[in-house]
1. From the residues in region 163-194 that are among the β-branched types (Val, Ile, Thr) and within 17 Å of TRP23 (Cα to Cα), which one is surrounded by the most Cβ atoms within 10 Å (Cβ to Cβ)?
2. Could you say which residue among THR189, THR114 is among the polar types (S, T, N, Q) and under 24 Å from the mean Cα position of the chain (by Cα)?
3. If only one of THR156, THR160, THR140 is without any contact (Cβ under 8 Å) to a residue 40 or more places away in the chain, in a helix (DSSP H, G or I) and within 16 Å of TRP23 (Cα to Cα), which one is it?
4. Could you identify the single residue in SER40, SER102 that is under 26 Å from ALA164 (Cα atoms) and either modelled with pLDDT of 85 or more or exposed (fewer than 11 other Cβ atoms within 10 Å of the Cβ) (or both)?
5. Looking only at region 119-127, decide whether some residue is surrounded by 13 or more Cβ atoms within 10 Å (Cβ to Cβ) and within 17 Å of ILE35 (Cα to Cα).
6. Looking at the structure I just gave you, is ILE26 among the aliphatic types (A, V, I, L, M), in contact with a Ser or Thr (Cβ under 8 Å, 6 or more places away or on another chain), touching a residue at least 12 places away in the same chain (Cβ under 8 Å) and surrounded by 14 or more Cβ atoms within 10 Å (Cβ to Cβ)?
7. Looking for something part of a helix (DSSP H, G or I) and of a type in the set (Asp, Glu) - is there at least one such residue anywhere in region 110-117?
Amino acid sequence: METLLKMWEYIASNPEQYFTSIWQHIYLDLISFIIILAISLPIGYFAAKSRRVSIPVIISVNIIMVVPTLSVLGLLLPYTGFGAQTAIIGLVIIGVPFMTISMMTAIRGVNPLTLENAAAMGMEPWRVCFDVELPLAFPTILNGIRVTSVTLIAGTTLATYVSAGGLGYYIVNGLGMNRMEMVYVGALTVALIAICVDLSIASLQKRVLNKY
């Protein structure tokens, strides 16, 4: 109870900074996620369709996935400097593998006979893709979106190390000054955002699954 009171007092002492940090965190997540989708969806689709494309994609994805987010940001700093640009690039690099693998899994999970039947009925290839294949793959794609979005929300806390703002400010500075109320303010707010996003996407998944 005492910790909650200290957290509230800390937020009340500077609410503008708190809500600015929340906005910065969400902004970094949104921009990164849009870029991730723009990169991952087409790459994942073509990798699922072609073995020649899938092999280098899978190798690249496996290499990127073992590199810690903080290491990626550190490697980018000499070239992109401090600020939101470095944070966004780093988050995109970390997020693309998750979404690419999910897209590949989703497309490969569609029954080939369904696509062949659609083509046999005279549907053009682009209609088979958009009217049959992608709708059937959509529930699995949503699962990838769910995992990637929560991963990004957690990873964005490290953006403070490159002076990009966000809720990581409270965690890093709170640990440095041994002020646990700051740490809890940042950590619990990040957790709350992640839970809200996860539940929202999970609800959408249930609706899609009931539809299909």
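The values are calculated or read from the model by the stated rules, or taken from the named source; none is laboratory data. Here the structure is a predicted model, which is why all the values come from computation and not from measurement. Cβ coordinates were reconstructed from backbone atoms using ideal geometry, including for glycine residues, and neighbour counts include every protein chain displayed.
1. Just the residues of region 163-194 that are among the β-branched types (Val, Ile, Thr), to begin with: 171-172, 183, 185, 189-190, 193.
Among the residues that remain, those that are also within 17 Å of TRP23 (Cα to Cα) are: 171, 185, 189-190, 193.
Numbers: ILE171: 21, VAL185: 23, THR189: 19, VAL190: 21, ILE193: 20.
The qualifying residue surrounded by the most Cβ atoms within 10 Å (Cβ to Cβ) is VAL185.
2. Details: THR114 fails: under 24 Å from the mean Cα position of the chain (by Cα).
Answer to the check: THR189.
3. Numbers: THR156 fails: without any contact (Cβ under 8 Å) to a residue 40 or more places away in the chain; THR140 fails: within 16 Å of TRP23 (Cα to Cα).
The match here is THR160.
4. Values: SER102 fails: under 26 Å from ALA164 (Cα atoms).
Among SER40, SER102, only SER40 is under 26 Å from ALA164 (Cα atoms) and either modelled with pLDDT of 85 or more or exposed (fewer than 11 other Cβ atoms within 10 Å of the Cβ) (or both).
5. Looking only at region 119-127, we keep the residues that are surrounded by 13 or more Cβ atoms within 10 Å (Cβ to Cβ), and these are 119, 123, 127.
Then drop every residue that is not within 17 Å of ILE35 (Cα to Cα), which leaves none.
Within region 119-127, none of the residues are surrounded by 13 or more Cβ atoms within 10 Å (Cβ to Cβ) and within 17 Å of ILE35 (Cα to Cα).
6. On the way: among the aliphatic types (A, V, I, L, M): yes; in contact with a Ser or Thr (Cβ under 8 Å, 6 or more places away or on another chain): no; touching a residue at least 12 places away in the same chain (Cβ under 8 Å): yes; surrounded by 14 or more Cβ atoms within 10 Å (Cβ to Cβ): yes.
In short, no.
7. Taking region 110-117 and keeping what is part of a helix (DSSP H, G or I), we get 112-117.
With of a type in the set (Asp, Glu) added as a condition, the list becomes 116.
So far as region 110-117 goes, yes, one or more of its residues are part of a helix (DSSP H, G or I) and of a type in the set (Asp, Glu).
Okay, residues lined up against (1) within 24 Å of VAL172 (Cβ to Cβ); (2) modelled with pLDDT under 90; (3) not β-branched (Val, Ile, Thr):
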{"residue": "LEU28", "(1), (2), (3)": "yes, no, yes"}
{"residue": "PHE33", "(1), (2), (3)": "yes, no, yes"}
{"residue": "ALA47", "(1), (2), (3)": "no, no, yes"}
{"residue": "ASN62", "(1), (2), (3)": "no, yes, yes"}
